[in-house]
Amino acid sequence: MKDNIKIALISAATLIVVVLIVSSSFGSTSYEDTVQVTGMSNLDVSPDLVSIYFTIETRAATSQEAKDANSGITDDVINALMNLGFDREEIQTSGFNIWENRGDYYGAPVVKANEKFIASHNLVLKIETQDRDLLGSAIDAGVDAKATLNCINFELSSSLESEYKVLAIKEATQDAKTKAEALAQGLDKRLGKVVSVTNTDFQYYPWLAYEKGAADSDV
């Protein structure tokens, strides 16, 4: 794993569907119709968070033993990260599960007596991109405490996501208005009032910087 991880821009998009009344530009109001236009906005934004996803998996003869062993390792991972200076609030649980180990389904199930149950705890550490020089130390601390590194994502914080959502909606609305005006002019009509507006929600996808099993050369 390289300490220096490149940052790529995140693509965020939204669509606005607007239905407007168009009427004749020659003054007649006896005939009215509607026109539907779709406004689009696609933003390239810089992420402000780096999220490191760890998994702690333990196996034991009983579910309670698997849970207890998992809890011990999880505490070790959290303490190791906090010893680096991270706040407890920056280390979050993204999932926890315990299930019966049914073995290898490609053949006859073979389960060791001390591996009948599996407990899995997923942790995520969120770091501001300006502090990404701490990535290497955080990864080493988690792995040394017996966690598995699953992936690293560049993401948007909730506040920045809201900010870009507002901007994307404004741009998509303006795009729809421009298209509607051009369409009306081409048909020798003028725009009337808005009949309806539909917004397909703002979407963005985190940029995956690393995934377990991927070549380190891609990071």
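Points to keep in mind about this one:
- Considering residues of region 170-195 that are in a strand (DSSP E or B) and of a type in the set (Lys, Arg) only, the residue nearest to the chain's Cα centre (by Cα): LYS193
- Any hit, region 124-144, residues being β-branched (Val, Ile, Thr) and either farther than 28 Å from ASN42 by Cβ or at pLDDT below 90 (or both): yes
- Residue match in region 153-164 (condition: of a type outside the set (Val, Ile, Thr) and touching a Gly at 6+ places or on another chain (Cβ under 9 Å)): no
- Only one entry of ALA184, ALA147 meets the criterion of being buried (at least 16 other Cβ atoms within 10 Å of the Cβ) and within 23 Å of TRP207 (Cβ to Cβ), and that entry is ALA147.
- Of the residues making up region 134-148, those that are among the small types (Gly, Ala, Ser) and not in a helix (DSSP H, G or I) are ALA145, ALA147.
- Members of region 147-169 that are over 11 Å from the mean Cα position of the chain (by Cα) and not β-branched (Val, Ile, Thr): ALA147, LEU149, ASN150, CYS151, SER159, LEU160, SER162, GLU163, TYR164, LYS165, LEU167, ALA168
- Residue within region 78-94 that is out of contact with any Ser or Thr (no Cβ under 9 Å at 6 or more places or on another chain), in a helix (DSSP H, G or I) and under 30 Å from SER11 (Cα atoms) present: yes
- Selection within region 113-123 - within 19 Å of ARG88 (Cβ to Cβ) and open to solvent by less than 10 Å² (accessible area, probe 1.4 Å): LEU123
The values are calculated or read from the model by the stated rules, or taken from the named source; none is laboratory data. This structure is a prediction, so every number in the text was calculated from the model and none was measured. Here the Cβ is made from the backbone with ideal geometry for all residues, glycine too, and neighbour counts use every protein chain on show. With ligands, DNA and RNA removed, areas are computed over all heavy atoms of the protein, side chains included. Shrake-Rupley method; radii C 1.70, N 1.55, O 1.52, S 1.80 Å.
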